[in-house]
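The values are calculated or read from the model by the stated rules, or taken from the named source; none is laboratory data. Since this is a predicted model, take the numbers as computed values, not measurements. FYI the Cβ positions are ideal-geometry reconstructions off the backbone, even for glycines, and counts take in every protein chain you see. What goes into the accessible areas is simple: the full protein's heavy atoms, side chains included, and nothing from ligands, DNA or RNA. Shrake-Rupley method; radii C 1.70, N 1.55, O 1.52, S 1.80 Å.
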Amino acid sequence: MRPDILNPLFAEVTALKGIGPSLAKPLDRLGLARVVDVAFHMPSGWIDRVKRDELDVADAGRIVAITLTPREHRGSNGRGPTWVQAADAKGNHVSLVFFGGHPGWAKKLLPLGEARLVCGRLDTYGQELQIVHPEVSEPDSGAADEFRAREAIYPLSEGLTSRRLGQFALEAIARAPVLPEWIEPGLKAKREWPDWRDALARIHADPADKLARERLGYDEVFANQLAMTLVRADTRKRRGRALNGDGRLRYALRLPYDLTGAQARTVREIEGDLAQEAPMLRLLQGDVGSGKTLVAAMALLIAVEAGAQGALLAPTEILARQHYETLRKTLGGLPINIAVLTGRDKGRAREATLMGLAAGEIDILIGTHAIFQEAVVYKDLALVVVDEQHRFGVAQRLLLQEKGRAPHLLAMTATPIPRTLTLAQYGEMDVSRLDEMPPGRQPIETRVISEDRLDDVVNALGRHLADGGQAYWVCPLVEESEKSDVAAAEARAETLAARFGDRVGLVHGRMKPPEKDAVMAAFAAAQVGVLVATTVIEVGVDVPNATLIVIEHADRFGLAQLHQLRGRVGRGSGRSVCLLIRGSALSETSRARLALMRETNDGFRIAEEDLRLRGAGEMLGTRQSGEAAFRIATPDLLHDLLQCAQDDARLLIDRDGGLAGPRGQAARTLLYLFERDAGVALLRSG
Ligand code: ADP
Ligand code: MG
């Protein structure tokens with residue numbers, strides 16, 4: 001249970017003065033539902049105001065705060081802007097301009113002859129100075145204090161201003177308790193970090209405060225690494241069951257090819273883990289096409305050889321079905337039962353599967369999250385393989401523990417992550433890397449083409465189809481145009497269909513699963529020549545005959561995602577081509593990033609470079625899946641603090657594994673503060 005001391009922070013935002021139901025909505029759009037969210041809503045920048053006694057053209061472009069006396073109200077017949085001429089103490093003039101407001105209102109705000117404190121951006125307009133939409137207050141109203149020299153800028157949503165968010169942050173801090181210190185005293189002194197509550201107050205007052213930001217970032221990273229270290233320590237302690245496969249299934253298996261060296265090595269690593277009683281906790285990283293599925297299959301066979309059951313969890317329906325087909329084909333000749341279970345399976349078929357699982361007649365179950373629902377009971381689940389699940393966090397893992405007696409876990413990802421970030425995201429896991437492609441693969445040839453030349457691209461597609469080739473055409477979400485990715489894909493499918501007729505298929509996230517599957521099946525069977533898709537095809541889909549991929553708006557994708565998409569082709573032995581369509585105006589960074597895609601097919605190198613070009617926040621990738629891993633720790637902070645936080649977490653657990661001492665208790669509070677408390681639950685159960 002969360003310590004009481006944190007309760008004020010976890011109250012709903014409406015507990016803050018001035019926030020009613022109507023404000024709660026825009027706050028919620030920013031993900032600010034509770035007081036703590038507001039306190040941790042970090043300013044993204046700041047503006048500096050300069051206090052001046054005199055107008056000076058040299059201040060143009062700056063935010064100035066200055067006392068002015070209105071001299072003349074001008075213009076406005078109800079349309080057009082209202083102008084108020086005003087002068088400083090020396091008689092220099094400035095125009096205060098209001099667009100679209102009621103003219104009477106500006107006159108009331110700035111009565112002639114009465115001094116007012118005015119604040120806003122000083123601009124030149126022809127020969128004149130002007131301030132558009134200034135903030136105005138009476139000189140001794142107390143509001144003058146509000147013209148702080150530095151004001152924080154916050155990420156906003158409609159209906160909110162930075163100033164209001166700043167006020168709410170202050171209130172949130174006022175409600176924040178003084179918390180016991182969890183940072184190691186020597187470290188804190190050395191880095192000259194402020195106390196937690198001070199740090200919060202300081203960052204909202206002055207977003208440039210480096211030490212305050214560092215401290216809060218460290219808290220978050222430390223909480224993260226601590227939670228992982230706890231999971232790891234707990235896993236080591238747990239008694240699962242050792243799975244010693246006798247090899248009978250693996251020997252009987254007839255594969256059309258040999259395992260790559262990397263696959264063989266990885267299977268040995270997994271075999272070694274499975275032979276231990278302590279449950280395996282291993283991450284398999286391997287670029288798209290590196291052959292992870294086969295490694296998963298071997299691991300599952302080991303479990304079955306040992307008399308247990310295995311499950312393979314896929315992120316989507318399509319992938320679950322595809323894995324099912326693949327494994328049924330690959331493992332076809334073996335005396336084992338494989339079943340598939342997704343949210344779509346209902347009625348009798350579902351019942352039969354559930355009974356087969358409970359009775360132990362089904363050896364391997366493949367499916368989506370449905371395979372961990374309450375009604376699903378296993379006879380003896382001993383291994384879970386999780387494919388492409390960025391969101392498979394500690395909490396899900398705990399859920400899993402309830403299904404089997406501490407099952408072994410293998411997580412697989414094709415999202416290449418730089419080594420530093422692996423520690424932040426998977427710090428508690430052992431890592432295997434498939435750093436070798438199956439033989440015979442030709443590198444994908446990547447070309448970057450301006451969108452002006454779309455006709456050429458369509459012609460090239462025509463030639464490709466005429467030669468019996470198949471292709472993907474990917475339409476991403478285009479934010480600016482307010483069109484959804486679905487609309488974009490539908491429009492593209494239509495224009496292509498005008499030329500290629502029923503050889504064009506369309507698949508997107510809003511289609512019903514059976515429709516989606518039908519299209520995918522038609523594509524796999526080569527009835528569909530070009531598959532127009534939103535990014536739903538991103539992970540895993542495998543159609544070796546598709547050797548051309550066109551990606552529209554390539555400059556808007558993350559490189560890791562582009563790389564994933566590109567990996568849809570190059571799966572057979574034929575030459576594959578990836579055409580990246582770019583906008584006509586490109587930033588330097590976009591240019592460099594696309595050039596990198598052209599230059600290399602190495603996912604890990606792309607990840608490292610992308611990190612350098614773009615920063616870690618997006619790389620951590622979770623933003624796409626809607627779960628922000630870090631909200632305070634920026635890429636730079638993460639880079640600086642991660643190792644230190646990891647070491648410190650390990651040291652603390654070594655010394656006080658139960659987090660029972662004073663610092664341990666403080667650390668528990670920290671885990672709750674950053675909602676990494678699944679780790680605390682482990683402490684109790686273990
Ligand atoms: P990913 O790592 O992206 O999941 P897959 O498991 O889908 O990759 O494998 C990609 C393709 O490579 C599949 O068509 C698979 O049959 C093939 N493959 C896997 N291992 C080998 C191997 N050792 N030799 C040749 N082809 C292989
Ligand atoms: Mg895969």
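When DSSP assigns beta bridges and you keep just the ones with both residues in the chain, what percent turn out antiparallel, to the nearest 5?
In the chain, DSSP labels about 35 percent of beta bridges as antiparallel.
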(message) Taking amide H atoms as placed 1.01 Å from N in the peptide plane, list the residues 5 or more away in sequence, or in a different chain, whose amide H sits under 5 Å from that of Val550.
(response) Tyr472, Trp473, Val474, Leu579
(request) Go through segment 349-354 residue by residue and turn each phi into a ³J(HN,Hα) via Karplus (6.51, -1.76, 1.60, θ = phi - 60°); whole Hz please, and just put x for glycine and proline. (result) 4, 5, 4, 4, 4, 4
(request) Could you tell me which of Ala306, Ile19, Ser290 has its Cα farthest along the dipole of the chain towards the positive end, charges placed at Cβ (Lys, Arg +1; Asp, Glu -1), taken about the Cα centre? (result) Ala306
(message) On C-alpha positions alone, give me the angle between the axis of helix 662-673 and the longest principal axis of the chain, in degrees, nearest 10.
(response) 90 degrees
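To the nearest 20 debye, what charge dipole does segment 123-250 have about its Cα centre, counting +1 at the Cβ of each Lys and Arg and -1 at the Cβ of each Asp and Glu?
Details: 21 positive and 22 negative charges, 388 e Å.
For segment 123-250, the charge dipole is close to 1860 debye.
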(request) Would you mind checking the pairs Lys17/Lys108; Lys346/Lys403; Lys25/Lys51; Lys292/Lys379 and listing those with alpha carbons more than 24 angstrom apart? (result) Lys17/Lys108; Lys25/Lys51; Lys292/Lys379
(request) Report, to the nearest 10°, how far helix 588-599 tilts away from the longest principal axis of the Cα atoms in the chain, using its own Cα long axis and a range of 0 to 90°. (result) 10 degrees
(message) Exposed loop sites here are chymotrypsin sites (Phe, Trp or Tyr not before Pro) in DSSP loop states with at most 15 other C-beta atoms within 10 Å. What is the longest stretch of the chain lacking them?
(response) 258-686
(message) How many angstrom lie between the Cα centre of segment 540-562 and the Cα centre of segment 266-318?
(response) 27 Å
(request) State the percentage of accessible surface on the chain attributable to carbon and sulfur atoms; use a 1.4 Å probe and exclude ligands, DNA and RNA. (result) 50 percent
(message) I need the per residue convex hull volume for the chain, using only the alpha carbons, in cubic angstrom as a whole number.
(response) 198 Å³
(request) Quote the accessible area belonging to Asp345 in square angstrom, nearest 10, computed with a 1.4 Å probe and with ligands, DNA and RNA left uncounted. (result) 30 Å²
(request) Answer with one residue from Ala89, Ile444, Ile632: the one whose Cα lies farthest towards the positive end of the charge dipole of the chain, charges on Cβ with Lys, Arg +1 and Asp, Glu -1. (result) Ile444
(request) Give a residue-ordered list of calculated ³J(HN,Hα) values for segment 291-300 (Karplus: 6.51 cos²θ - 1.76 cosθ + 1.60, θ = phi - 60°; whole Hz; x for Gly, Pro). (result) x, 5, 4, 5, 4, 4, 4, 4, 4, 5
(message) Show me the trypsin sites (Lys or Arg not before Pro) within segment 277-359 that DSSP assigns to loop and that have at most 11 other Cβ atoms within 10 Å of their Cβ.
(response) Lys346
(request) Enter the accessible area per residue of the chain (Å², integer; probe 1.4 Å; all protein chains in place). (result) 45 Å²
(message) With +1 assigned to the C-beta of every Lys and Arg and -1 to the C-beta of every Asp and Glu, and no other charges, what is the dipole magnitude of segment 46-153 about the Cα centre in debye, to the nearest 20?
(response) 320 debye
(message) Can you compute 3J(HN,Hα) from phi for each residue in segment 491-497, using the Karplus curve 6.51 cos²θ - 1.76 cosθ + 1.60 with θ = phi - 60°, rounded to whole Hz and x for Gly and Pro?
(response) 4, 5, 4, 5, 5, 5, 5
(message) What do you get for trypsin sites (Lys or Arg not before Pro) in segment 411-512 restricted to DSSP loop and a cutoff of at most 13 other Cβ within 10 Å of the site's Cβ?
(response) Arg510
(request) Please name whichever of Leu230, Leu506, Ala242 sits farthest to the positive end of the charge dipole of the chain, dipole taken about the Cα centre and charges placed at Cβ: Lys and Arg +1, Asp and Glu -1. (result) Ala242
(request) Could you name the lysines whose alpha carbon sits less than 24 Å from that of Lys188, not counting residues in the same chain fewer than 8 places away? (result) Lys210
(request) Tell me which residues come under 5 Å, amide H to amide H, from Met412 once H is placed; ignore anything under 5 positions away on its chain. (result) Leu284, Val386, Asp387, Glu388, Gln389
(request) Leaving ligands, DNA and RNA out of it, work out the accessible area of Asp647 with a 1.4 Å probe and give it in Å² to the nearest 10. (result) 80 Å²
(request) On the full set of protein chains, 1.4 Å probe, figure out the accessible area of Met429 and give it in Å² to the nearest 10. (result) 20 Å²
(message) Let me check against my output: what whole-number percent is the relative contact order of the chain, with C-alpha pairs under 8 Å and at least 6 apart?
(response) 13 percent
(request) Please pull out the direction-averaged projected area of segment 46-153, using the convex hull of its alpha-carbon atoms, in nm² to one decimal place. (result) 6.7 nm²
(message) Under a Cβ-only charge scheme (Lys and Arg +1, Asp and Glu -1), can you give me the dipole magnitude of the chain about the Cα centre, in debye to the nearest 20?
(response) 1040 debye
(request) Enumerate by residue number the trypsin sites (Lys or Arg not before Pro) in segment 1-39 meeting two conditions: DSSP loop (anything except H, G, I, E, B), and at most 16 other Cβ atoms within 10 Å of the site's Cβ. (result) Lys17
